[in-house]
Amino acid sequence: MVDICLIRMPLSTRSTASLNYRHNRYAVSVVTEMELLSWPSLTGKEEAKLKALLQNLGVIQLEKPIQDAAIKIRRTSSLKLPDSIISATALIGRFVLVTDDQKLSDRHIGNSVTLDDLISK
(Lines give C-alpha, C1' and ligand atoms only; values in the text may rest on other atoms or scores of the structure.)
Protein backbone atom coordinates (compact mmCIF):
# COMPACT_ATOMS: atom_id res chain seq x y z
CA MET A 1 0.00 0.00 0.00
CA VAL A 2 1.55 3.26 -1.12
CA ASP A 3 1.08 6.49 0.83
CA ILE A 4 0.43 9.86 -0.84
CA CYS A 5 3.87 11.40 -0.36
CA LEU A 6 5.49 8.58 -2.30
CA ILE A 7 3.27 9.06 -5.30
CA ARG A 8 3.39 12.84 -5.34
CA MET A 9 7.19 12.96 -5.03
CA PRO A 10 8.03 11.00 -8.22
CA LEU A 11 6.33 13.71 -10.23
CA SER A 12 9.12 16.06 -9.29
CA THR A 13 12.15 14.44 -7.65
CA ARG A 14 11.96 10.70 -7.21
CA SER A 15 12.03 7.83 -9.64
CA THR A 16 9.89 4.75 -9.23
CA ALA A 17 11.41 3.09 -12.28
CA SER A 18 12.71 0.21 -10.19
CA LEU A 19 9.24 -0.66 -8.94
CA ASN A 20 7.89 -3.45 -11.10
CA TYR A 21 4.13 -2.88 -11.20
CA ARG A 22 3.37 -6.10 -13.04
CA HIS A 23 5.10 -8.46 -10.61
CA ASN A 24 4.24 -6.76 -7.33
CA ARG A 25 0.92 -5.74 -5.91
CA TYR A 26 0.65 -2.03 -5.15
CA ALA A 27 -2.45 -0.18 -4.07
CA VAL A 28 -3.60 3.13 -2.64
CA SER A 29 -6.47 4.07 -0.40
CA VAL A 30 -9.30 6.04 -1.95
CA VAL A 31 -8.23 8.78 0.49
CA THR A 32 -4.80 8.89 -1.15
CA GLU A 33 -6.41 9.07 -4.59
CA MET A 34 -8.61 11.96 -3.45
CA GLU A 35 -5.71 13.82 -1.82
CA LEU A 36 -3.56 13.45 -4.92
CA LEU A 37 -6.17 14.60 -7.41
CA SER A 38 -7.33 17.53 -5.28
CA TRP A 39 -3.84 19.00 -4.81
CA PRO A 40 -4.33 22.77 -5.40
CA SER A 41 -1.20 23.34 -7.50
CA LEU A 42 -1.60 20.21 -9.62
CA THR A 43 -0.96 20.94 -13.27
CA GLY A 44 -2.83 19.31 -16.11
CA LYS A 45 0.27 17.33 -17.06
CA GLU A 46 0.76 16.11 -13.48
CA GLU A 47 -2.92 15.18 -13.23
CA ALA A 48 -2.64 13.08 -16.39
CA LYS A 49 0.45 11.31 -15.00
CA LEU A 50 -1.31 10.64 -11.70
CA LYS A 51 -4.41 9.26 -13.39
CA ALA A 52 -2.26 6.96 -15.52
CA LEU A 53 -0.39 5.78 -12.43
CA LEU A 54 -3.61 5.23 -10.47
CA GLN A 55 -4.97 3.07 -13.29
CA ASN A 56 -2.04 0.69 -12.72
CA LEU A 57 -2.57 0.59 -8.96
CA GLY A 58 -5.50 -0.82 -7.07
CA VAL A 59 -7.61 1.88 -5.44
CA ILE A 60 -9.13 0.44 -2.28
CA GLN A 61 -12.52 1.86 -1.37
CA LEU A 62 -13.63 2.74 2.14
CA GLU A 63 -15.45 -0.48 3.06
CA LYS A 64 -17.02 -1.04 6.51
CA PRO A 65 -14.13 -3.12 7.95
CA ILE A 66 -11.69 -0.34 6.98
CA GLN A 67 -14.00 2.27 8.51
CA ASP A 68 -14.18 0.33 11.79
CA ALA A 69 -10.41 -0.15 11.94
CA ALA A 70 -9.80 3.52 11.10
CA ILE A 71 -12.08 4.59 13.96
CA LYS A 72 -10.11 2.41 16.41
CA ILE A 73 -6.78 3.71 15.11
CA ARG A 74 -7.95 7.32 15.30
CA ARG A 75 -9.18 6.87 18.87
CA THR A 76 -5.97 5.21 20.08
CA SER A 77 -3.34 7.25 18.26
CA SER A 78 -2.64 10.85 17.45
CA LEU A 79 -3.00 10.21 13.72
CA LYS A 80 -5.34 12.43 11.77
CA LEU A 81 -8.33 10.75 10.16
CA PRO A 82 -6.85 10.46 6.63
CA ASP A 83 -3.72 8.75 7.97
CA SER A 84 -5.88 6.54 10.19
CA ILE A 85 -7.81 5.45 7.10
CA ILE A 86 -4.59 4.77 5.17
CA SER A 87 -3.21 2.74 8.09
CA ALA A 88 -6.48 0.80 8.42
CA THR A 89 -6.58 0.12 4.69
CA ALA A 90 -3.09 -1.38 4.85
CA LEU A 91 -3.98 -3.47 7.91
CA ILE A 92 -7.27 -4.81 6.59
CA GLY A 93 -5.80 -5.49 3.14
CA ARG A 94 -2.70 -7.11 4.69
CA PHE A 95 -0.44 -4.73 2.80
CA VAL A 96 2.98 -3.49 3.80
CA LEU A 97 2.58 0.27 4.12
CA VAL A 98 5.11 2.17 2.02
CA THR A 99 5.53 5.65 3.45
CA ASP A 100 8.13 8.27 4.23
CA ASP A 101 5.78 9.83 6.80
CA GLN A 102 7.63 9.02 10.02
CA LYS A 103 4.63 9.71 12.28
CA LEU A 104 2.39 7.41 10.25
CA SER A 105 5.07 4.73 10.13
CA ASP A 106 5.68 4.93 13.89
CA ARG A 107 2.00 4.64 14.76
CA HIS A 108 1.04 2.03 12.14
CA ILE A 109 0.75 -1.32 13.93
CA GLY A 110 1.38 -3.34 10.78
CA ASN A 111 4.49 -3.60 8.64
CA SER A 112 5.82 -0.46 6.99
CA VAL A 113 8.85 0.48 4.89
CA THR A 114 10.16 3.61 3.25
CA LEU A 115 10.28 3.95 -0.52
CA ASP A 116 14.08 3.83 -0.37
CA ASP A 117 13.88 0.54 1.56
CA LEU A 118 11.48 -0.88 -1.02
CA ILE A 119 13.58 0.16 -4.01
CA SER A 120 16.82 -1.14 -2.49
CA LYS A 121 15.43 -4.67 -2.03
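Observations
- In this simple spin-label model, placing a label point 7 Å from the Cα along the Cα-to-Cβ direction at both Ser120 and Asn56 gives a separation of 2.4 nm.
- Shown in residue order for the range 98-105 are the 3J(HN,Hα) couplings computed by the Karplus curve 6.51 cos²θ - 1.76 cosθ + 1.60 at θ = phi - 60°: 9, 8, 9, 7, 4, 4, 5, 4 Hz (x for Gly and Pro).
- Put simply, the amide H of Asn111, placed in the peptide plane, has neighbours under 5 Å in Leu97, leaving out anything fewer than 5 places away on its chain.
- Taken along its principal axes, the alpha carbon cloud of the range 67-121 reaches lengths of 34, 20, 15 Å, longest axis first.
- Per residue accessible area in Å² of the range 17-121, where ligands, DNA and RNA are left out and the probe is 1.4 Å: 63 Å²
The values are calculated or read from the model by the stated rules, or taken from the named source; none is laboratory data. Values in this document were obtained by computation on a predicted structure and should not be read as measured data. Every residue, glycine as well, gets a Cβ built from its backbone with ideal geometry; the counts of neighbours run over all protein chains shown. Please note that ligands, DNA and RNA were not included when accessible areas were found on the heavy atoms of the full protein model with its side chains. Shrake-Rupley method; radii C 1.70, N 1.55, O 1.52, S 1.80 Å.
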